[in-house]
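The values are calculated or read from the model by the stated rules, or taken from the named source; none is laboratory data. As the structure is a computational prediction, the values presented were derived from the model and not from experiment. Because the Cβ atoms are built from the backbone with ideal geometry, glycine has one as well, and the counts that use them run over all protein chains shown. To get the accessible areas, we keep the full protein, side chains included, count just its heavy atoms, and leave off ligands, DNA and RNA. Shrake-Rupley method; radii C 1.70, N 1.55, O 1.52, S 1.80 Å.
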Amino acid sequence: MSFLDPSAIRLERRDDQPPTLSIAGDLFFNVKIRQAFPLSFENRYITFFDQEDEYLGLVAEPSSCDESTFRIIRDEIEWRYFRPRITRVAEMEGRGGTSIFSVETDRGAVKIPMRDLREGMMELSSGRILITDEHGNRYEIPDLDRLDRRSRRLIRRLI
Amino acid sequence: MPLINKIPAELNDLIQSDPLAGDDKGELLFACKTDLAPDGRIDESMLVVTRRQLVVATRSDEAWTLTHTLSLAAITGLTVEPLVGASALTAEVDGSSIRLLRYTHAVAQDMSDAVESLLHLIGPDGSPDHTEPVTEEPVPDWSSREAHLRTFRRLWTFCLPHWRTLVIAMVVTIAASAIDLLPPYLTMILVDQVLVDQSTFIWLPIIVALLAVSRIVHTGVTIISGRMMAVLGDRLAYDARSELLNVLQLLPLKYYDMQQTGGLMARIARDAKSIHYFWIDFAPQVVQQGLLVIGMTAVLFYLNWELALLVLVPIPAIIYASIHIKRYLMWFYGRSWDSWATFFERVNDALSGIRVVKIFAQEKRQSRDMQLENEKVFTAERNIHVRSRTVRPLLAFIVSVGGLLVWWYGGLQVQSGEMTTGMLMAFFLYLAMFYSPVQQLTSMADWIPEMMTAITRTFEVIDSPIEDYAPAGTVDVPRFEGRLELQDVNFGYVAHQPVLKGINLHVEPGEMIGLVGHSGAGKSTLIKLMCRFYDVDGGQILIDGIDVRRMDLMQLRSQIGYVEQDPFLFSGSVTDNIRFGNQEASREAIIEAAINANAHEFIVKLPDGYDTSVGERGGRLSGGERQRVAIARAILHDPRILILDEPTSALDLETEKKIQEALGRLMEGRTTLAIAHRLSTLRDADRLLVLKNGEPVELGTHEELLDRQGEYYRLVQLHTNVSSIVGVEG
C-alpha cells in the first residue's frame, strides 16, 4: 500500500467536486492529494488520502498515469498549494520594522509584508526563492535570473 | 607526572640496603610519585616497583623512610578505594589487607597507570615482561615564557602560506617608515638655510614641494600596506576559525563533557578574532614603530649625540614600567575573559530554556541572574579600563621628561652658538615622532596580554588531541556480522571512580538484549562505550571477535545505529534529517524508511511534506514525531548493531503503538542493545541484563528473571505499579 502502480490508479472528477480515486477497482470518494516534497520535487511523489484523511498510498511518477488522471492530479495540486510565482518586484519599502514588497505575480499584483527577512526568505536551490510573509502566505521566485535587473537587485540585496 | 624510571639515589640506596627484603630485590622497573604521607601530611611519597618487590617510601625532613616492603609474588590483589578527596591503595597479602598509601586526585591518573602495570606483576604468576613502557624522563614543565614563544611560533605557521603578501606588506611598511624621517630634516634646511638668506629664497617652493611629495607618498604607501595587512588579517582569522570548526567536530566526546557550549562559542567568535588583531594591528605597528624608533635614534645621534643621549634618559623607565604593567594587567584580562564566557553561557542557557523559564514563572529570577553576570562583566571590564587609563598618562608623563631635558640643554647650546635654531626645531619634530612610537609600543603592552591569552586559548583548542580515528594496526571490517562480546569490562569517567565493573556479555548476531536497572546503574555508560565515545579502562569490547579499539572509528560507528531517548534533529528539512547518515539516499529510499518508521503519514500531511523545516533541534515537531523521524534516520543508516535508548516519557497510546511497531521493524535482523523501560520491550527482548551500581546482577529472559524473584522482579513490580497509575502499560 505504500508505492502505488501508476497504471493501477484512476482519478475521476465531476465539476467542482473532489475527485474519486480507484485503486485496482476499489473506489475512494472525495480524496485529497498532497505532494510529499512540495518544495523540492513538485511534480513527483504524490500522496492520496481518503475523505477521513486516512493515508491511501503514493505514486512516485504521476506522469506515468493516464492523461486525464495526471491532469486531475495537477489541478488538485494547483488547487491545494496556493503559491503565486513572482514575476516582477516593483518596489521595496521599510515601514517601522516591516518591509513591504510590491510585486507582480502570475496571480496578480500584491503587497507582501515581511517582518523577519532572514526567516522569511529561503533560497531553496540556486536562484529559486521561497518567500513567506508575516501572515504565512507563500510566494515563489522560480528563477531569480529570469527576473528583470531591478527586481534581481532588490532581491539579491536580501539573500 | 607519569610513571618514572629514576628515583632519588638516596632512596635507591635505602631500598638496596633494606635488610628485611633480603638480597634479591631485582632492578627498578618503575616508580610513581604520590603526594600524601602515611599520617596524612601533604608530602612526597613514592611507590617503587622493582623486579621482585613493591616498596612504599615517604619523605619527611628531606630524609626517605620505607613504610612498606612487599614481595610481588606474595601480593594476591590490589584495590584502589575511592575516599573523599583522596584514594587509598590496598594490597592483599596472605589473606589480609594492607593499606599501602593514600594519594589525592592530583595523582590519581598516574597511580591508576601504576596499578594497571602492577597487576601484571603481582602474584605467583606475575611477569615483568607485560609492563607498559614508562616515560624516560619527566615531561618538562613549560614556563609561561616558553608557552608564549610557542604561541608565537604557532602564529607564524599560520602566516606561512601567505608569506609573499606578508613580505610585500612589510617592505611597504619599511618604506613608509623611511619616508617619515624626511620632513623634519627638510624643515631644518628650511629654517637654517632658506629662511635666513634672501639669496636662497628660491629654494622655498622646492622644499615645500618636497615636503608635500613626501606626505603624499607616505599617505599612499600607508594605504597600500594597511589594505594588504587588513586582507591578510581577515584571511588568517578565517583560517583560524576554519581550523577551530574542523577540530570541534573531531574532538572526543570527553572534551565536551568538560566544556560549556557558551564558552566554546565565545572562543570561536572572540578569540579567533584576536589572530586578526595580531596581524592587522599589532604586527605592522610593531614593525613600523620599531623601525621608526631605530631610524630616528640614528638620525638624532647623527645630528647631536649629546642631546640624543638626553632623549634616551626616560627610555629605561618606560620599558621597566611597561613590562610591569603587562604583568599587572594580564590578570585582569583573564578575569574579563572568564566573565564574558560565563555571561554567554548564562544567556545561552536562559534563551534555550525559555519555555521552562516561563512555565515555572521564573522570568524575574532569570533576569536577575543574568543581570548578576552582566554586573560581573561590567566589573571586570571596568577594572581593566580604569587601570589602563591610569597607567597610560603616567607613562606619558615619564616620556615628557625627555622633552624638558632637550629644552634645557638644547636651549643652552643654541644660546652659545653650538647649535642652530633649525637643528633644535628638527630635534623637537623628531622628538615628537620618537616618543610617539615608543609610547605606542608601550601602550601595546595593554593588548599583548589580552591578545596572547586569547590566541593561546585558540591554539589550546586547535591543538587538543582529537579522536584517534584510525589507530595503528586497524583491522578492516566493512560489514559486521553483529556478534558482540563484552569481556570483563571496567570503566570510570574519573580514574578513581568505576562506573562499570566486570561486565561480561555475549550477544549473537540478531539477538536483542535489554538493559535494565535503576537510573545511575550504568546503562547509558555501557551504551557510550559501545559507540566508543569512551574507551574501556579494563577488559575489552569485541565485535565479531575484534577489539573495537582496533577498528577504524568511522567504519565502526557507520555500522552502529543509535536512537536516543530524546532524539536530536538538526534544523533543516525532514528529508535532510532522515538522510543524515546517508546523503546519497534516493527519495524512494527516504520514503521507504519513513513508511517503516510509521512517519510517512504524518510527514505528508504537513503542508510542506518532506520539505518541512523542523526548526532548531526539531522543535516544530512533537516528541512522538521527532522519535519517528529519528527511527527513520536509523533505518536508512542501516546499521548492523542497533543501540536504543527507549524514551521514558509516556506518549498517547496510538503514538506509543506506532513507535513500538517502528522500533520492531528497525530491530529486525539487527543485533540490538536497548535500554528498556517498557514492559513490552522487556518481554520481547531475547535476554535481559540487569545492572546494579555498575555491576551485572542478573541475565536471562523476562520469564526466567521473574521466576527468580530477584532484582528484576522488584524493578518490574515497581514499573507495573507506576504504569497502572499512568495507564500506558505496553
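Considering only segment A:91-111, I want to know if a residue exists there that is closer than 30 Å to A:E12 by Cα and assigned to a loop (DSSP other than H, G, I, E, B).
yes
Within segment B:631-654, the set of residues being of a type in the set (D, E, K, R), away from chain A (no Cβ under 14 Å) and over 24 Å from B:C531 (Cβ atoms) comprises just one member, B:D652. Within segment B:692-703, restricting attention to residues that are more than 23 Å from B:V499 (Cα to Cα) and in contact with a strand residue (DSSP E or B) (Cβ under 9 Å, 6 or more places away or on another chain), the residue that is surrounded by the fewest Cβ atoms within 10 Å (Cβ to Cβ) is B:T701. The combined condition, being closer than 27 Å to B:M444 by Cβ and either assigned to a helix (DSSP H, G or I) or at pLDDT 80 or above (or both), is not fulfilled by B:A212. Please verify whether B:G290 is open to solvent by less than 60 Å² (accessible area, probe 1.4 Å), modelled with pLDDT of 75 or more and touching a Ser or Thr at 6+ places or on another chain (Cβ under 8 Å), treating the condition exactly as stated. The answer is no for B:G290. Once segment A:65-119 is narrowed to residues that are closer than 27 Å to B:G615 by Cβ and hydroxyl-bearing (S, T, Y), the residue that is modelled with the highest pLDDT is A:Y81.
Only one of the listed residues (B:S388, B:S400) is open to solvent by less than 50 Å² (accessible area, probe 1.4 Å) and at pLDDT below 85. That residue is B:S388.
Taking the conditions exactly as written (open to solvent by 10 Å² or more (accessible area, probe 1.4 Å), in contact with a strand residue (DSSP E or B) (Cβ under 7 Å, 6 or more places away or on another chain) and assigned to a loop (DSSP other than H, G, I, E, B)), does A:E52 satisfy them or not? No; evaluated as a whole, the condition is false for this residue. Out of all the residues in segment A:6-25, which are among the acidic types (D, E) and modelled with pLDDT of 90 or more? The one that is among the acidic types (D, E) and modelled with pLDDT of 90 or more: A:E12.
Would you mention how many residues in segment B:556-588 are over 28 Å from A:R138 (Cβ atoms), of a type outside the set (A, V, I, L, M, F, W, C) and either in a helix (DSSP H, G or I) or at the interface with chain A (Cβ under 9 Å from one of its Cβ atoms) (or both)? Matching residues across segment B:556-588 total 2. Checked against the criteria, A:T69 does not count as assigned to a strand (DSSP E or B) and touching a helix residue (DSSP H, G or I) at 6+ places or on another chain (Cβ under 9 Å). Picking from residues in segment B:407-420 that are touching a helix residue (DSSP H, G or I) at 6+ places or on another chain (Cβ under 6 Å) and in a helix (DSSP H, G or I), the one that is surrounded by the most Cβ atoms within 10 Å (Cβ to Cβ) is B:G410. B:R628 fulfils the conditions (1) within 11 Å of another protein chain (Cβ to nearest Cβ); (2) closer than 19 Å to A:E54 by Cβ except for a single criterion, (1). The single residue among B:T69, B:T79, B:T65, B:T90 that is assigned to a strand (DSSP E or B), open to solvent by 60 Å² or more (accessible area, probe 1.4 Å) and within 24 Å of B:D125 (Cα to Cα) turns out to be B:T79. Hey, among the residues in segment B:606-625 that are in a helix (DSSP H, G or I), more than 20 Å from A:Y45 (Cβ to Cβ) and away from chain A (no Cβ under 13 Å), which one's most open to solvent (accessible area, probe 1.4 Å)? Across segment B:606-625, the extreme among qualifying residues is B:R617. Counting the residues of segment A:1-23 that are assigned to a strand (DSSP E or B) and within 9 Å of another protein chain (Cβ to nearest Cβ) gives 1. Per the conditions (1) touching a strand residue (DSSP E or B) at 6+ places or on another chain (Cβ under 6 Å); (2) farther than 15 Å from B:R579 by Cβ; (3) in contact (Cβ under 8 Å) with a residue 40 or more places away in the chain; (4) among the hydrophobic types (A, V, I, L, M, F, W, C), the sole criterion not satisfied by B:V604 is (3). Suppose the filter is within 12 Å of chain B (Cβ to nearest Cβ), open to solvent by less than 30 Å² (accessible area, probe 1.4 Å), closer than 22 Å to B:A589 by Cα and basic (K, R); does A:R44 pass it? When the stated conditions are applied, A:R44 does not pass them. Please verify whether segment B:536-547 includes one or more residues that are more than 14 Å from chain A (Cβ to nearest Cβ), of a type in the set (A, V, I, L, M, F, W, C) and out of contact with any helix residue (DSSP H, G or I) (no Cβ under 9 Å at 6 or more places or on another chain). Checking segment B:536-547: at least one residue is more than 14 Å from chain A (Cβ to nearest Cβ), of a type in the set (A, V, I, L, M, F, W, C) and out of contact with any helix residue (DSSP H, G or I) (no Cβ under 9 Å at 6 or more places or on another chain). Hey, can you tell me all the residues within segment A:24-41 that are under 20 Å from the mean Cα position of the chain (by Cα) and either in a loop (DSSP other than H, G, I, E, B) or more than 7 Å from chain B (Cβ to nearest Cβ) (or both)? Residues satisfying the conditions are A:V31, A:K32, A:I33, A:A36, A:F37, A:P38, A:L39, A:S40, A:F41. Within segment B:361-380, the set of residues being charged (D, E, K, R) and either open to solvent by 50 Å² or more (accessible area, probe 1.4 Å) or under 27 Å from B:S436 (Cβ atoms) (or both) comprises B:E363, B:K364, B:R365, B:R368, B:E375, B:K376. Residues in segment B:215-230 that are at pLDDT 85 or above and out of contact with any helix residue (DSSP H, G or I) (no Cβ under 6 Å at 6 or more places or on another chain): B:R215, B:I216, B:T219, B:G220, B:I223, B:R227.
Okay, residues lined up against (1) open to solvent by less than 40 Å² (accessible area, probe 1.4 Å); (2) assigned to a loop (DSSP other than H, G, I, E, B):
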residue: B:I466; (1), (2): no, yes
residue: B:E481; (1), (2): no, yes
residue: B:V489; (1), (2): yes, no
residue: B:H506; (1), (2): no, no
residue: B:L515; (1), (2): yes, no
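A single entry from B:I591, B:I595, B:I603 fulfils the requirement of being within 9 Å of another protein chain (Cβ to nearest Cβ) and either in a loop (DSSP other than H, G, I, E, B) or open to solvent by 20 Å² or more (accessible area, probe 1.4 Å) (or both): B:I595.
Checked against the criterion of being of a type in the set (S, T, N, Q) and free of Cβ contacts under 8 Å to residues at least 60 places away in the same chain, the candidates B:S274, B:S214 yield just one match: B:S214. Of the set (1) in contact with a helix residue (DSSP H, G or I) (Cβ under 7 Å, 6 or more places away or on another chain); (2) exposed (fewer than 14 other Cβ atoms within 10 Å of the Cβ), all apply to A:P62 but (2). Between A:I86, A:I73, A:I112, the distinction of being closer than 20 Å to A:A36 by Cα and crowded, with 16+ Cβ neighbours inside 10 Å belongs to A:I73 only. Number of residues in segment B:646-676 that are among the polar types (S, T, N, Q) and either at pLDDT 85 or above or part of a helix (DSSP H, G or I) (or both): the value is 4.
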